[in-house]
Amino acid sequence: MLNMSKTTPLLQTLRSFSGYRSISNVSIIGGGLMGSGIAQVAAAAGNDVNVIEVNDKALEKSKAIITKSLERVAKNKFKDDPSKAASYAPSILKKISFTQDLGVVKGSGLVLEAIVENLVAKQKLFKEVELLTTDTTILASNTSSIQIKDIALHSNRKDKFAGLHFFNPVPMMKLLEVISTQETSQDTYRKLMNWGQSIGKVCVTCKDTPGFIVNRLLVPYLVQGVLMYERGDASTTDIDIAMKLGAGYPMGPFELADYVGLDVILFILQGWVKNHPDNASFVVPKTLEKLVQEGKLGVKSGSGFYNYDKKGK
Ligand code: CAA
Ligand code: NAD
């Protein structure tokens with residue numbers, strides 16, 4: 001597959017004559033943990049980006065997440081050049097518009113949603129987006145666990161509908177899962193693979209199945225960690241140490257669950273248990289339910305399996 005950032009001028013000219021248009025203008029709906037990270041990497045790769053949120057407070061939070069992360073990137077990228085490091089975040093932020101106006105999706109080559117993991121909310125959102133865009137716009141979801149065909153169920157543009165599953169923290173995680181449904185066109189798929197590569201990700205493909213590749217393996221592993229702790233086999237700390245030092249994982253299952261968000265993991269599992277009751281890998285551990293009920297959602301809320309200071313871990 002071609003990397004758009006490395007195509008030759010001749011190839012680019014041929015593409016422009018043949019009507020091929022790559023994606024350079026992106027709207028991200030939902031500027032939380034994931035949407036902010038996606039907006040950041042898209043803008044850093046030169047895209048014009050809109051971040052669309054429900055209120056000013058959420059927009060400010062998104063801008064703060066992106067600014068902080070860009071400053072961390074800059075500190076590494078320009079170790080010996082403090083003036084370049086200082087101007088990096090403002091220069092990338094210039095490429096991002098923060099807005100509550102969903103109407104801005106109109107001119108976008110790609111509209112990607114990263115809102116709450118809820119099927120009805122995602123379907124409703126895409127209904128509105130379809131009314132505001134033409135069929136030159138590709139529609140994509142960053143869902144962790146819902147099948148793309150279900151999100152696209154009421155769409156009139158199923159050939160333009162796909163999954164783009166990023167990983168947290170987006171600026172650091174190299175992977176992007178690109179998911180086609182049976183109705184996604186080859187042209188849509190190719191454009192998304194090219195776009196993913198152009199923003200610096202390594203793209204893999206999986207059928208439109210629950211959890212795609214990573215979450216189908218990762219989430220049942222996190223569940224097994226919690227069940228092991230519930231049985232009293234080992235403490236959370238020892239399980240985390242064991243998986244880091246014995247299996248080479250960067251975080252143990254409890255650190256990772258807190259990092260992803262316990263609410264996100266609970267949503268994923270509840271959906272899978274409901275839709276695939278016969279799959280023994282899909283169970284909701286009681287401790288997970290209890291922590292979420294108590295508002296202990298992990299790093300983002302200040303506590304989960306572990307406690308974090310105000311700034312988070
Ligand atoms: N933005 C920019 N830079 C960052 C960053 C961020 N959000 N996070 C880390 N960095 C960079 C910084 O340069 C940082 O140095 P400073 O602290 O001096 O700024 C450097 O990385 C080291 O970071 P940390 O000391 O915090 O820790 P680390 O070396 O362990 O790296 C990590 C952090 C990359 C998150 C690593 O622990 C890791 O890979 N953890 C596993 C994450 C994972 O598995 N993610 C997938 C979750 S599943 C998912 O996302 C799918 C789903 O649908 C739920
Ligand atoms: P989050 O709670 O941090 O952010 C969601 C944001 O969407 C919130 O800021 C909320 O205000 C906003 N929002 C909700 N409805 C909206 C609407 N109609 N219009 C505009 N904004 C709206 O959640 P997150 O962790 O960023 O997850 C977002 C999506 O990405 C979910 O589908 C999740 O499953 C998926 N995902 C999460 C992770 C993770 O590690 N957290 C990883 C990969 C994928």
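The values are calculated or read from the model by the stated rules, or taken from the named source; none is laboratory data. Here the structure is a predicted model, which is why all the values come from computation and not from measurement. Please note: Cβ atoms are built from the backbone with ideal geometry, for glycine as well, and neighbour counts cover all protein chains shown.
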For the structure I just gave you, tell me whether Ile213 is among the aliphatic types (A, V, I, L, M) and buried (at least 18 other Cβ atoms within 10 Å of the Cβ).
no
Okay, helices (runs of 4 or more DSSP H) sitting entirely in the range 21-101 with 3 or more residues that are without any contact (Cβ under 8 Å) to a residue 24 or more places away in the chain and closer than 24 Å to Phe167 by Cβ, I get 56-77
Could you tell me which residue of the range 166-189 is nearest to the chain's Cα centre (by Cα), considering only residues that are within 16 Å of ligand 2 (Cβ to nearest atom), of a type in the set (Val, Ile, Thr) and closer than 17 Å to Ile138 by Cβ?
Val178
Scanning the range 59-101 for residues that are of a type in the set (D, E, K, R), within 16 Å of ligand 1 (Cβ to nearest atom) and closer than 20 Å to Asn47 by Cα, which turns out surrounded by the most Cβ atoms within 10 Å (Cβ to Cβ)?
Lys63
So which of Met193, Met172 is of a type in the set (A, V, I, L, M) and either within 12 Å of ligand 1 (Cβ to nearest atom) or assigned to a strand (DSSP E or B) (or both)?
Met172
I'd like to know if the range 250-266 contains one or more residues that are surrounded by fewer than 20 Cβ atoms within 10 Å (Cβ to Cβ), within 11 Å of ligand 1 (Cβ to nearest atom) and without any contact (Cβ under 8 Å) to a residue 24 or more places away in the chain.
yes
Which condition number does Gly200 fail, the rest of (1) at positive phi; (2) in a strand (DSSP E or B) being met?
(2)
Only one residue in Ala64, Ala58, Ala89 is within 9 Å of ligand 2 (Cβ to nearest atom) and not basic (Lys, Arg), so which one is that?
Ala58
Looking only at the range 177-188, decide whether some residue is buried (at least 20 other Cβ atoms within 10 Å of the Cβ), assigned to a helix (DSSP H, G or I) and of a type in the set (Ser, Thr, Tyr).
yes
Which numbered condition in (1) more than 16 Å from ligand 1 (Cβ to nearest atom); (2) part of a helix (DSSP H, G or I) is the only one that Lys122 fails?
(1)
Quick check: anything in the range 217-230 within 27 Å of Gln40 (Cβ to Cβ) and out of contact with any helix residue (DSSP H, G or I) (no Cβ under 9 Å at 6 or more places or on another chain)?
yes
Within the range 102-119, of all residues that are at pLDDT 95 or above and in a loop (DSSP other than H, G, I, E, B), the one surrounded by the fewest Cβ atoms within 10 Å (Cβ to Cβ) is Gly109
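I need a count of the residues in the range 128-159 that are among the acidic types (Asp, Glu) and modelled with pLDDT under 95. Walk me through it before giving the result.
Step one: filter the range 128-159 for residues among the acidic types (Asp, Glu), giving 128, 130, 135, 150, 159.
Going one step further and asking which of them are modelled with pLDDT under 95, we end up with 135.
Qualifying residue count, the range 128-159: 1.
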Would you be able to say whether some residue in the range 27-50 is hydrophobic (A, V, I, L, M, F, W, C) and over 19 Å from Pro169 (Cα atoms)?
no
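In the range 230-243, how many residues are in contact with a Pro (Cβ under 9 Å, 6 or more places away or on another chain) and loosely packed, with under 15 Cβ neighbours inside 10 Å? Spell out the reasoning first.
If we filter the range 230-243 for residues that are in contact with a Pro (Cβ under 9 Å, 6 or more places away or on another chain), which is where we start, we get 230, 236, 239-240, 243.
Subset that is loosely packed, with under 15 Cβ neighbours inside 10 Å: 230.
Of the residues in the range 230-243, 1 are in contact with a Pro (Cβ under 9 Å, 6 or more places away or on another chain) and loosely packed, with under 15 Cβ neighbours inside 10 Å.
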Only one of Leu266, Leu245 is within 14 Å of ligand 2 (Cβ to nearest atom) and modelled with pLDDT of 95 or more, namely Leu266
